[in-house]
Amino acid sequence: MSEGITLRDVTKQNIRQVLKLKAAPEQERLAPTVAHMIARGVYEDNAWFKAICADEAPAGFVKVWESNPEEPDLWGIMVDKKYQGRGYGRKALEFAIELIKGRNPQAKRLCVGYLPENGDAQAFFKKCGFEVDRVQPFDGWKEEIAYKEI
Ligand SMILES: CC(C)(COP(=O)(O)OP(=O)(O)OC[C@H]1O[C@@H](n2cnc3c(N)ncnc32)[C@H](O)[C@@H]1OP(=O)(O)O)[C@@H](O)C(=O)NCCC(=O)NCCS
């Protein structure tokens, strides 16, 4: 199912398709849009992002922030609703971890934060080996923080 998945740069050629990627309607209020993730990523030092592609076609988006080299942050991951439940998220996470470790051998654990009411994210990260550490205030909301050894 997850064959043909790659992480690719967002380029002049694919940006229109990347910006059309959408989570499911019920997920949209629980996670940032791709446009928001790109805008924040561009202006943050040590952040990078990639399109998750199914063969040539953008199918999702992943963003990493490496401000703490030992403990990078999976700042965002989104798989378009059409591609969800087919292993794209898990594969993209594996590829992102490979990229992180290639860039930065001292990386020890990956951190992620998401809204505690985001049940899909909670289930996904648990299945992918993250352990919940705490819930903390975030921007007037609360976020659940989880870690995975890498
Ligand atoms: C979270 C998200 C990225 C998962 O992507 P996905 O491609 O559907 O996930 P996968 O198909 O790779 O699933 C990987 C594992 O997680 C499990 N999983 C994923 N979503 C799940 C859910 N809602 N409930 C239970 N298990 C779930 C799968 O069963 C799979 O388990 P397995 O490998 O042991 O069989 C996707 O739901 C999404 O884009 N959500 C909206 C954006 C978001 O909330 N992002 C996270 C916060 S930044």
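The values are calculated or read from the model by the stated rules, or taken from the named source; none is laboratory data. Keep in mind it's a predicted model, so treat the numbers as computed, not measured. A quick note on method: Cβ atoms are made from the backbone with ideal geometry, for glycine too, and the neighbour counts reach across all protein chains shown.
Worth pointing out:
- Filter result (within 17 Å of the chain's Cα centre (by Cα) and over 9 Å from Ala51 (Cβ atoms)) within region 16-33: Leu19, Lys20, Lys22, Ala23, Ala24, Gln27, Glu28, Arg29, Leu30, Ala31, Pro32, Thr33
- Yes/no for Arg86 being touching a residue at least 60 places away in the same chain (Cβ under 8 Å) and more than 15 Å from the chain's Cα centre (by Cα): yes
- The test for being at pLDDT 95 or above, farther than 20 Å from Asn118 by Cβ and touching a Ser or Thr at 6+ places or on another chain (Cβ under 7 Å) holds for Lys91.
- Counting only strands (runs of 3 or more DSSP E) wholly contained in region 58-150, the ones carrying 3 or more residues that are near the ligand (Cβ under 9 Å from one of its atoms) occupy 73-79, 109-114.
- Within region 1-31, considering residues that are β-branched (Val, Ile, Thr) and in a loop (DSSP other than H, G, I, E, B), the one surrounded by the most Cβ atoms within 10 Å (Cβ to Cβ): Val10
- Within region 68-90, tally of residues that are surrounded by 19 or more Cβ atoms within 10 Å (Cβ to Cβ) and farther than 18 Å from Glu44 by Cα: 6
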